[in-house]
Amino acid sequence: MFRLLPDLVADSARRHAARDAVVIESHRLSYGELDAMSDRFARSLITHGVRRGDRVALWIPKSPEAIVALYGIMKAGAAYVPVDPNAPPARLAAISRDCEVAGLITLARRAAELDEAFGSRAPMRALWFADLTAPDSATPRVAGLPGVPWGAVGTESGGPPGVRVLEDDLAYLLYTSGSTGEPKGVMLSHRNALAFVEWATTTFALAPEDRLANHAPFHFDLSTFDLFAAAAAGAALYPVPPRAAPFPAAIARLWCEARLTVWYATPSTLGLLLAHGGLAELDLSALRVLLFAGEVMPVRVLRRLMALAPRARFANLYGPTETNVCTWYEVTAPPVDDAALPIGTACSGDEVFILDDAQQPVPDGGVGELWVRGGTVMHGYWGRPELTALVVQALELSPGLTDRAYRTGDMARRRPDGNLEFLGRRDHQVKTRGYRVELGEIESTLRRHPDVEEAVVLAIPDEEISHRLRAVVVLKPGGTADMAALQAHCARTLPRYMVPEAIAFRSQLPRTSSGKVDRRALAGLAG
């Protein structure tokens with residue numbers, strides 16, 4: 001049993017230092033190099049004032065430097081905070097201020113954007129620029145803060161930094177969409193992550209000879225399997241290069257030509273590889289494990305995948321960011337009908353419950369809310385104890401015995417065979433392109449435009465990407481904003497996947513007899 005996530009790399013470096021740890025295009029990083037370089041980066045962080053318990057943000061495309069950085073952050077006793085590298089600087093600034101980051105790893109070419117976004121209120125002590133490889137590179141200053149060229153990291157002394165870190169210390173914060181209009185940071189510890197990683201490594205028999213795909217961005221919880229299960233097994237990780245990420249055909253060719261053995265992706269991604277990536281014409285004979293999570297898998301897509309890779313194992317993994325993966329279902333034969341796949345049974349050492357509104361178990365076959373307890377359950381939301389208390393609660397397991405558990409907000413029921421069936425959300429949180437989105441956050445952003453009186457965002461079901469986001473807006477008297485202006489307004493603070501792809505304008509919104517917006521009626525208006 002490992003204690004900390006960086007132990008995974010250190011152990012693999014001891015066992016086979018020369019094996020590839022990371023391969024991205026022509027760049028290769030061995031386990032020995034990853035271990036040594038992340039030690040040096042940890043020392044650089046400490047030199048510039050980062051301490052145990054701090055947070056350090058990553059706003060950088062996938063690269064060997066990004067992976068060195070996230071392990072180095074944890075070796076310094078801090079938690080890494082990955083931010084979508086395509087998100088606007090304003091979102092990075094908001095997240096950085098929310099969790100008071102002590103440092104930022106980014107690119108020097110984005111310094112002007114950062115300076116504008118942070119102004120004079122940047123919370124960090126220093127910035128590291130991964131694209132400045134010379135130790136003596138002239139580094140820009142952001143909001144008056146010093147910059148450290150990546151080349152200077154190599155001049156730090158080698159060896160582990162010697163920071164005492166505990167299993168329940170935070171390892172990373174993942175920011176998810178928030179219903180209040182602000183993103184919220186999910187706090188996850190080394191123990192939380194390892195509960196899942198150790199289960200997954202054993203269950204799918206990962207070995208040093210494996211080559212794992214990495215499509216999920218580092219700010220998306222699916223990436224924790226790619227990063228840490230690969231390291232636990234001493235296997236090679238193949239991140240999708242940023243320039244290939246928008247092109248399904250490029251991704252499909254990369255994975256097949258590299259003969260990757262383990263894929264983990266959202267159903268949307270896999271569907272795009274089939275529809276637009278030419279996957280059916282490529283050689284999938286190396287594939288031995290295909291995992292999917294993040295949204296409902298269309299059965300027609302699964303049938304085609306299973307036909308293309310008949311010797312591979314297929315599994316449906318379930319779990320919100322707050323619990324990582326807490327249930328799983330292995331698909332042993334192509335489904336014969338179009339019924340939704342079950343989400344299976346508990347895993348990762350967790351226990352799951354289906355409860356009614358009084359927190360009482362519902363009978364088998366009855367519908368209730370899914371609750372989870374166990375080692376993967378998050379610490380809570382950063383700086384939001386009231387919100388944490390709403391979803392992480394004491395649950396009575398038996399008379400006189402209670403434990404903290406997470407209420408997922410997902411409705412489910414238990415089938416006669418013991419497998420759980422996912423039935424949807426009980427609120428307005430939806431999935432699009434594999435990401436979890438609070439419609440309220442987008443609505444709040446739209447309402448901040450000076451021309452907008454009211455705004456409602458709707459999730460229109462779509463087989464390829466789960467949902468398409470469309471908005472209905474009422475402008476203030478004299479307001480002149482059009483769809484392009486409001487989309488640009490959203491894009492300044494929201495990630496791309498949260499910007500509505502269509503916006504309809506109405507003079508007023510339909511309402512129910514209680515005065516609430518009639519979302520059902522609006523669905524037709526937004527189409």
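A Cβ distance below 9 Å, combined with a sequence gap of six or more or placement on separate chains, defines the contacts here; from the range 289-317, residues that are in contact (Cβ under 8 Å) with a residue 12 or more places away in the chain and more than 28 Å from Gln429 (Cα to Cα) reach residues that are among the polar types (S, T, N, Q) and surrounded by fewer than 18 Cβ atoms within 10 Å (Cβ to Cβ) in the pairs Ala309/Ser285; Arg311/Ser285; Arg313/Thr332.
Going residue by residue through the range 181-195, is there one that turns out to be out of contact with any Phe, Trp or Tyr (no Cβ under 8 Å at 6 or more places or on another chain), of a type in the set (A, V, I, L, M), within 22 Å of Asp39 (Cβ to Cβ) and in contact (Cβ under 8 Å) with a residue 24 or more places away in the chain?
Looking through the range 181-195, none of the residues is out of contact with any Phe, Trp or Tyr (no Cβ under 8 Å at 6 or more places or on another chain), of a type in the set (A, V, I, L, M), within 22 Å of Asp39 (Cβ to Cβ) and in contact (Cβ under 8 Å) with a residue 24 or more places away in the chain.
Of Leu166, Leu272, all but one fail to be under 24 Å from Arg40 (Cα atoms) and surrounded by fewer than 23 Cβ atoms within 10 Å (Cβ to Cβ); the exception is Leu166. Can Thr493 be described as closer than 21 Å to Lys184 by Cβ, at pLDDT 90 or above and part of a loop (DSSP other than H, G, I, E, B)? It is true that Thr493 is closer than 21 Å to Lys184 by Cβ, at pLDDT 90 or above and part of a loop (DSSP other than H, G, I, E, B).
Which of the residues belonging to the range 333-350 are modelled with pLDDT of 95 or more and either in contact with a Lys or Arg (Cβ under 9 Å, 6 or more places away or on another chain) or of a type in the set (Gly, Ala, Ser) (or both)?
Pro342, Gly344, Ala346, Ser348, Gly349, Asp350
Pairs are defined by a Cβ separation below 6 Å, a sequence spacing of at least 6 or placement on different chains, a first member in the range 479-503 that is buried (at least 17 other Cβ atoms within 10 Å of the Cβ), and a second member that is among the acidic types (Asp, Glu) and outside any helix (DSSP H, G or I); the pairs so defined are Ala481/Asp451; Pro495/Asp84. Ala231 falls short of the stated requirement of being in contact with a helix residue (DSSP H, G or I) (Cβ under 9 Å, 6 or more places away or on another chain), part of a helix (DSSP H, G or I) and free of Cβ contacts under 8 Å to residues at least 60 places away in the same chain. On the basis of being modelled with pLDDT under 95 and over 17 Å from Ser466 (Cα atoms), does Ala312 make the cut? No; evaluated as a whole, the condition is false for this residue. Among residues of the range 323-353 being among the hydroxyl-bearing types (Ser, Thr, Tyr) and closer than 21 Å to Arg407 by Cα, the one that is surrounded by the most Cβ atoms within 10 Å (Cβ to Cβ) is Thr323.
Within the group Thr224, Thr202, which residue is under 19 Å from the mean Cα position of the chain (by Cα), hydroxyl-bearing (Ser, Thr, Tyr) and assigned to a helix (DSSP H, G or I)?
Just a single option satisfies the conditions, and that option is Thr224.
Return the total of residues in the range 120-141 being of a type in the set (Val, Ile, Thr) and closer than 14 Å to Ile73 by Cβ.
Within the range 120-141, residues that are of a type in the set (Val, Ile, Thr) and closer than 14 Å to Ile73 by Cβ number 0.
The values are calculated or read from the model by the stated rules, or taken from the named source; none is laboratory data. Computed from a predicted model, the values in this text were never measured in an experiment. Note: ideal-geometry Cβ built from the backbone for every residue, glycine included; neighbour counts use all protein chains shown.
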